[in-house]
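Single-structure report; data block below.
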């Protein structure tokens with residue numbers, strides 16, 4: 001009579017495999033978390049940068065002032081609020097019209113009246129976006145005369161309970177700048193930059 005031998009893994013082999021997998025997971029998890037935070041910073045920066053570029057292009061195309069301003073409700077500008085709560089792109093007609101905080105905005109694809117809402121932007125959760133709270137582009141695509149370089153610092157929060165994001169070498173923040181000519185550009189923050 002022939003005996004059949006059952007093949008399989010021993011308990012020792014399974015335990016060694018589990019220990020090796022636990023060690024690898026312990027090494028990979030912090031790096032994966034940093035990767036996700038870096039991706040979130042890039043995504044939030046690109047969303048705001050795209051709306052700033054859109055506002056500048058519409059200002060030139062429609063020959064009017066267009067403003068990107070922080071908004072907490074998605075329908076009105078909020079005075080001195082950070083972009084982390086969201087933002088709106090508003091077309092101002094006529095060119096001398098000012099966007100006032102708390103004014104409800106009317107919807108429209110063109111700019112038939114002052115404070116016409118063109119776009120609503122929502123940032124990625126877990127970010128702080130501090131700096132300028134409003135950018136107004138003239139019909140030439142530039143910021144108003146005498147404007148300094150406008151900046152917005154985008155940083156990832158270590159946890160959702162943090163009130164301010166951090167800038168580290170593993171997860172650098174992003175510095176979004178708009179020079180007086182209206183040209184927007186983003187770069188990584190240096191190690192000494194703060195997110196405040």
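Going by the structure shown, is residue 80 touching a helix residue (DSSP H, G or I) at 6+ places or on another chain (Cβ under 8 Å) and modelled with pLDDT under 95? Answer is no for this residue. The condition (being free of Cβ contacts under 8 Å to residues at least 60 places away in the same chain and surrounded by 13 or more Cβ atoms within 10 Å (Cβ to Cβ)) is satisfied by just one residue among 33, 2, 38: 33. Restricting attention to the stretch 132-170, the residues that are buried (at least 18 other Cβ atoms within 10 Å of the Cβ) and closer than 24 Å to residue 74 by Cα total 16. Tallying residues that are modelled with pLDDT under 85 and part of a loop (DSSP other than H, G, I, E, B) within the stretch 1-36 yields 9.
Residues that are within 20 Å of residue 125 (Cα to Cα) and either in contact (Cβ under 8 Å) with a residue 60 or more places away in the chain or touching a helix residue (DSSP H, G or I) at 6+ places or on another chain (Cβ under 8 Å) (or both) within the stretch 63-77 comprise 68, 69, 70, 71, 72, listed in sequence order.
Going through (1) closer than 24 Å to residue 159 by Cα; (2) surrounded by 10 or more Cβ atoms within 10 Å (Cβ to Cβ) one by one, residue 15 falls short only on (1). Of all residues in the stretch 43-85, those satisfying the criterion of being in a strand (DSSP E or B) and within 19 Å of the chain's Cα centre (by Cα) are 67, 68, 69, 70. Residue-level analysis places residue 60 outside the set of residues that are more than 30 Å from residue 140 (Cβ to Cβ) and out of contact with any helix residue (DSSP H, G or I) (no Cβ under 9 Å at 6 or more places or on another chain). Return yes or no: is residue 124 modelled with pLDDT under 90, under 21 Å from the mean Cα position of the chain (by Cα) and surrounded by 12 or more Cβ atoms within 10 Å (Cβ to Cβ)? Yes, satisfied.
The values are calculated or read from the model by the stated rules, or taken from the named source; none is laboratory data. A quick note: this is a predicted structure, and the numbers were derived from the prediction, not measured. Heads up, the Cβs are rebuilt from the backbone with ideal geometry, glycines too, and the neighbour counts pull from every protein chain shown.
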